[in-house]
Structures are given as C-alpha cells and as structure tokens.
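Since every read-out is calculated from the coordinates, none of them should be taken as a lab result. Everything numeric here is computed off the predicted structure, so don't read it as measured data. Virtual Cβ from ideal backbone geometry, glycine too; neighbours counted across all protein chains shown.
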Amino acid sequence: MADAVDARRVCGMPEKAQLHVAMLALQFGYAGFHVVSRLALNMGISKLVFPVYRNIIALFLLVPFAYFLEKKDRPRLTLGFAVQFFFLALCGITANQGFYLLGLDNTSPTFASAIQNSVPAITFGMAAALRIEKVRLDRRDGVAKVLGTLACVAGASVITLYQGPTIFAPTAGDDKPSLQEVPFLAAVAGEGKNWTLGCVYLIGHCLSWSGWLVLQAPVLKKYPARLSVTSYTCFFGVIQFLIIAAFFERDAGAWVFHSGSEVFTILYAGFIASGVAFAVQIWCIDRGGPVFVAVYQPVQTLVVAIMASLTLGEKFYLGGIIGAALIITGLYLVLWGKSEERSRIGKEAAAASAASSGSGEREVRSAKLASSITQPLLPPSSTTSDNV
C-alpha cells in the first residue's frame, strides 16, 4: 500500500497537486505562445510552414521518450488504432492549429485567448453528450459543475470586455509608445484585420480543440500509452499539413529561415506549445479527464493580461480583478462538484457491496457503480489506481 502511495508522488507532492501545478504551467506556456505566434505571423512566416516545423520539432522531442518509456506498455499498432490516430491529428492538430493561425492573423493574442474560453463549455457539452462526463442537475454536484464552468467563462469575458478604473499602471506619464510608433504593437493589437472572419476561424479552432480533448479519452482507454498517442498524433498531423502545403504553398522561399527571431518562434512553438504542452496535457487528460483540462482554459486569459501588462506596458484594470475572482470561484465550484460526486459514488459502491449476497454479484454491482463516472475530473485517493 505504501508503494502505491509513493508511486503517485513526485518530490513529496501528491498527484492531485501535480495535476493542478501542471495545468497552471501549461497555461503560462500557452499564454506566451499567443504572443510568439503573432510575432511569427508579423514577420511573414507562412501559416502552413509554421505548423509543419512546429509539429516536426514536437515529434522529434516526443518519439524517444515514447519509445523507451512506454516500450513495455505500448499495445501493438493496428489499422484501427492508426485510423483513430489519424482522426485525432485531423481534429486536434490540423484543424485546431490551422484555424487558430487563421484566426490569430485576423485578431489579436488577447482576443484569441479570450475566445478560447468557450472550450470548457463546449468540452463539457461534448463530454456529457457522449456520456463521458455524467451531469445530474437534480444534485448539488451537477449544478456546481455547470455553474462553475459558466463562472469561468464569465470571468474571462469580464477581463476582455470590461475595463473599469485603472488598478495598476506600469508606465507613469504619457511617454508610452503608441501603436503607430511601434509596428509590432500594432500587430499584437490586430489592427487592420477582418475581425469577423477571425472570429469564425477561432470558433472553428475551439470546436476542434474541444473535440480533440473529448475523443482522446476513449482512445487512451484502449491504448494507454500517453506519449505514444501524442507521437502518432503529431506524425499524422505533419503528414496532413505537408499534403495541404504541397497544394497551397507554392513559394519555395517560405520554407527558409530568414532571421534568428523566426527560428526562436518556431522552436518555442515546437518545444513548448507542442512537445512539452502536448505531453503534459495528455497526462492530465488521462489522470484528470477532459473537463478538468478544459476548465483551466480561462486562466490563460488572465495570464495573457498579466503578460501584456508587464511586457507591453498595458494597464491592469478593475475588470481584470473581477474576472480573476470569477475564474477562481468557477474552478472551485467545478472541482468541488466533482469531488462531491466521487464521494457519493464511493459511498453507494460500498453500500451495494455490503448488501450483495454473492462475491460475483458484488463485483458486478460495484463495477457498474464505479463506471457511472467514466471520466473523472480528479483522480481518486492516492491509495487506489484509476486509469482513464
């Protein structure tokens, strides 16, 4: 029993805490990626070449770890698994990244981050429709999960749409450079773009992302090798983008690096936003579930607002404080609701086992009750094993 507890700890940190730390770090990495991607587009990097290089870097980063660490646990690759990985790549890489770059090119990093806050609601709806996530509106835990998700989306919307009085101003006086004086700031602000078209692309990006989050759960049940699933997904994503680029990117010079800044943006996108982020995210999906991952998405908008304030000299307004409070409240409601749900299911399973007359009947009824939450938001206690 002690070995089971220790196996779920890293540096003395229990797995539940690891999940929260990993998701917070993931949001910081993605927040920086918004600005880095906008910089890449501003420098003229092709919207087809950029994701190809990004996923190639991620693939080379993930493959060695997937091969050696999951050598004994990786199931045999069959045609059925290959087809599933192909569609995961089509949804989670090709459509997801393609729509994102098209949307970002017509909007701004802050707006792109804000609209992504629809991902928790979309993921919650998809997971509930597929019965991956159970929702009981006649119980407190079900209502808490729904209200928490809405509070997260509302908090991120407040940050974006409502300013209010200035709470923090990093630059005093009127010596702050204007958008016209600094072309990069104008690019970050998304000036001169078709915002309506950008919204359409970003909505497609959110739908693709949510579908990818949900579809990974049943795949991981049958193929419980997280890094291998990510590697195969990246591989098929590269193939799909190469085929698209062969038809639509006719300029051979688009594949050549012209500056160190271009190399940096691609390396950041490949190592942080794809390689590291994909590995962390798929681990969190496996251990915590798709809704747990998606519900942290609004935190990213808060991080982008802070980064913009510190790096671009933007002011921090009361709306940001109110939005942050809503986000924290929403996260608490969702996680509390899931914790209450798991506690109730555990008590019902224990009562059913005690009331059963035969050992075989007890096992069947316990399995049915335990499977009533097929995709937990949080893992069970550290003394049990829960493989999604």
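Take the alpha carbon gyration tensor of the range 22-169, find the square roots of its eigenvalues, order them as a ≥ b ≥ c, and report rounded if a/c is under 1.5; if not, report prolate when a/b exceeds b/c, else oblate. Each step should come with its number before you reach the end.
Values: a/c = 2.09, a/b = 1.14, b/c = 1.84.
Note, shape of the range 22-169 comes out oblate.
What ranking do Phe257, Phe271 get, fewest neighbouring Cβ atoms within 10 angstrom at the top?
Fewest to most other Cβ atoms nearby, the residues stand as Phe257, Phe271.
Near the amide H of Ile167, under 5 Å away, which other amide H atoms are found, from residues 5 or more places off or on another chain, if H is placed in the peptide plane?
Long-range HN contacts for Ile167: Phe316, Tyr317, Leu318.
In terms of the Cα gyration tensor, with a ≥ b ≥ c the square roots of its eigenvalues, is the range 90-138 rounded because a/c is under 1.5, prolate because a/b exceeds b/c, or oblate?
oblate
When you count, for each residue, the other Cβ atoms within 10 Å and take the mean per peptide, how do 222-232, 58-68 rank with the highest first?
222-232, 58-68
Just grab the label-to-label distance for Leu24 and Asn42, each label 7 Å out from Cα along the Cβ direction, in nm (one decimal).
Going by the 7 Å Cα→Cβ label model, 3.0 nm.
Within 10 Å of each residue's Cβ, count the other Cβ atoms and sort Ile266, Ile244 from fewest upward.
Ile244, Ile266
Once label points are set 7 Å from the Cα along Cα→Cβ at both Lys72 and Asn194, what is their separation, rounded to one decimal in nm?
5.6 nm
In what sequence do Leu331, Leu90 fall when counting other Cβ within 10 Å, fewest first?
Result, fewest neighbours first: Leu90, Leu331.
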